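The values are calculated or read from the model by the stated rules, or taken from the named source; none is laboratory data. As the structure is a computational prediction, the values presented were derived from the model and not from experiment. All Cβ positions, even for glycine, are placed from backbone atoms using ideal geometry, and neighbour counts span all protein chains on display. What goes into the accessible areas is simple: the full protein's heavy atoms, side chains included, and nothing from ligands, DNA or RNA. Shrake-Rupley method; radii C 1.70, N 1.55, O 1.52, S 1.80 Å.
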Amino acid sequence: MSEVLTKMQTRRSIRKFKPDMIPRDVLEQIVTAGTYAATGRNSQSPIILAITNKDVRDRLSALNASIMGASNDPFYGAPVVLVVLADKSCGTYLYDGSLVMGNLMLAAHELGIGSCWIHRAKEEFERPEGKQILADLGIEGDYEGIGHCILGYVDGDYPDARERKDNWVYWME
């Protein structure tokens, strides 16, 4: 089996991270992989916020937790958060952003970095706090939060794959 297919089959969502920061060159490789995701008509509608600043990461975590009505860290201690947003004026924005998320997670796995897709980015960036983050970065337009790709070194054992369900694929030959 090819290395790419093996990586696709062995990547798992990680929910416990070491606090160690990922080196910048490794993060750049992951982010670059995200920018090469397929997008409808090559619109390249998504953007990525690469958050390594602990204060910003913690504020975003608190906002995310408040949206889900919790007080725990929804980013599971991951030191890096990549937020994917996409321009809603593009008809395929949701799919484009989802493909970026997939590329980010697969690239992270290839480089020995754990990842997990965390939801509620849509709600975060509909709130004044989220809109202010975009404004502070000079980002204009109608962007919707697609997801957070949290990244870090795995703390503990890497999870095993679950069995695939029987009715996943239906062949029509």
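To the nearest 10, the accessible area of R11 is 40 Å² with a 1.4 Å probe.
The stretch between M68 and T6 holds 18.9 nm of extra length on full extension. This uses 0.36 nm per residue minus the Cα-Cα distance.
Going 7 Å from the Cα of S43 along its beta-carbon direction, which residues of region 75-107 have the amide nitrogen within less than 17 Å of the resulting point? So the set is 84-101.
Here are several values of Rg and Dmax of the Cα atoms in Å: (i) 15.2, 42; (ii) 16.5, 55; (iii) 15.9, 48. Which one was derived from the coordinates shown? This structure yields the entry labelled (ii). For the chain, adding -39500 (n - 2.57) for each run of n ≥ 4 DSSP H residues and dividing by the number of residues yields -11500 deg cm²/dmol at 222 nm.
Along its principal axes, region 106-173 has C-alpha extents of 48, 39, 18 angstrom, given from the largest down. For the set D73, D55, solvent exposure ranked by accessible area (probe 1.4 Å, protein chains only) runs largest to smallest as D55, D73.
Under 5 Å from the amide H of K88 lie the amide H atoms of D142, Y143, E144, each residue being 5 or more positions distant or on a separate chain, with H modelled from the backbone and absent for Pro and chain starts. Evaluate E = 1/(1 + (r/R0)^6) for E110 and D142, where r is the Cβ-Cβ distance and R0 equals 45 Å; express this FRET efficiency to the nearest 0.05. Result of the calculation: an efficiency of 0.85. When a 1.4 Å probe is rolled over the protein heavy atoms, the share of accessible surface on the chain that falls to carbon and sulfur comes to 51 percent.
Region 24-48 and region 125-163 have Cα centres separated by 14 Å.
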